[in-house]
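Enquirer: The following block contains the structure, expressed as structure tokens.
We did not get these values from a lab; they are worked out from the coordinates using the rules stated. This structure is a prediction, so every number in the text was calculated from the model and none was measured. Cβ placement follows ideal geometry from the backbone for every residue including glycine, while neighbour counts extend to all protein chains displayed.
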Amino acid sequence: MSTTHPLYSGNLGHMFGSYSRTITTQADAVLICGTYVFPEVFPALADVFAPQANIVHIDLDAYEIAKNFPVTLGLVSDPKLTLAGLAEVLAATMTPQQQAGATARRATLKAANEQAMAAQRAADDAVRDEVPLHAARFMQELAQHVPADLVVFDEALTCSPDLTRYLPPTLPGHFFQTRGGSLGVGIPGALGLKLAYPDKTVIGFTGDGGSMYTIQALWTAVHHHIPAKFVICNNQSYLLLKLNILQYWRERGIEEHCFPRSFDLNHPVVRFDELARSMGVAAARVETPDQIGPAITQALQHDGPFLIDLVVTNHVPGATIGLQCGQ
């Protein structure tokens, strides 16, 4: 759209006092709501928005607004109330042509998303029975066994797309993720959710690298009788670090070479099922397709905390160097 709309009127005007402003809503306008923007993993040294873009940032946390990049307008306010008010304004001011354009864009985006999802599911089916397993194989079967009100803590990281493809977060208050880029919150996060939702099935997903930061939380689960379930996506490496350094090499024209040995967790191999049992948590190790169903059934039926050590491929997407380079 290329017309202007009053950002504040009615409830919004009351909420923010007498301050009012008009912005131009164009294709290069950006609305950021309820989240931080571009955490400093790979700092961008140049502007990331179009030169004339209007940037509006809405958050309850004033610290995050314009923290990394300047904004046209920053609002310290409740995102839910603010978006509701903004929707009222747009409904009252959009022309029929603009409404038709918005409807068309939604349809286009929906079709593109559905096409991408179908392509990804087809790719999952193509490697369905491969060993080492692909995480999608496990998630697909897990989705057939869990209750509709499953509560998920997702720190699966590189396996998160597989998780959300088959267990999409469509139920409010039932899907939680790590924030801030730090590792190790998957297992303790699941414990907190189980305490908050004692009558629901709670599963925490994490990686093998991330789990090693807080593996002692398994002992806490037994000590305090917290019957959460855990899935460790075990690719025997810090795959996210490999993807990050691969991006770094490409951005700077550095030829691919051996990944740092510290990025691997296979010398020696960590047996997370045995580690869990040593702290009193029942566990199963899944390495082949036929082991998936029994492990899921055992986890869901077990009256107490349970861990699945899910061994998945350590293939690095997009890399041309060998997996065992330098090992």
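Enquirer: Would you tally the net charge around residue 285, using a Cβ to Cβ cut-off of less than 10 Å, leaving residue 285 out, and scoring K and R as +1, D and E as -1?
Expert: -3
Enquirer: Past 28 Å, Cα to Cα, is the threshold; run 80/194; 67/194; 80/110 against it and keep the listed order.
Expert: In this structure, 67/194 lie more than 28 Å apart at Cα.
Enquirer: In terms of the ratio Rg/(2.2 N^0.38 Å) built on C-alpha atoms, what value belongs to the stretch 129-311?
Expert: 1.02
Enquirer: For the stretch 129-311, calculate the relative contact order in percent as a whole number, restricting contacts to Cα pairs under 8 Å that are 6 or more residues apart. Present the calculation step by step, with values, prior to reporting the outcome.
Expert: Numbers: 311 pairs, mean separation 44.9, N = 183.
Relative contact order, the stretch 129-311: 25 percent.
Enquirer: Let me ask something additional. Could you list 77, 211 so that the one with the fewest beta carbons within 10 Å of its beta carbon is first and the one with the most is last? Walk me through the numbers before you get to the answer.
Expert: Working: 77 17, 211 29.
In increasing order of surrounding Cβ atoms, one gets 77, 211.
Enquirer: Given an 8 Å cut-off on Cα distances and at least 6 residues of separation, report the relative contact order of the chain as a percent.
Expert: That works out to 13 percent.
Enquirer: I'd like the distance separating the alpha-carbon centroids of the stretch 136-164 and the stretch 225-263, in whole Å.
Expert: 20
Enquirer: Now for a different question. Helix-derived [θ] at 222 nm for the chain: sum -39500 (n - 2.57) over DSSP H runs of at least 4, divide by residue count, nearest 500?
Expert: My calculation for the chain gives -11000 deg cm²/dmol from helical runs alone.
Enquirer: Could you list 82, 214 in order of exposure, starting from the residue whose Cβ has the fewest other Cβ atoms within 10 Å?
Expert: Placing the least packed residue first, the sequence is 214, 82.
Enquirer: P(r) for the chain: what percent of alpha-carbon pairs falls in each 10 Å bin, starting at zero?
Expert: Spelled out bin by bin, the chain gives 5, 20, 26, 24, 17, 7, 1 percent.
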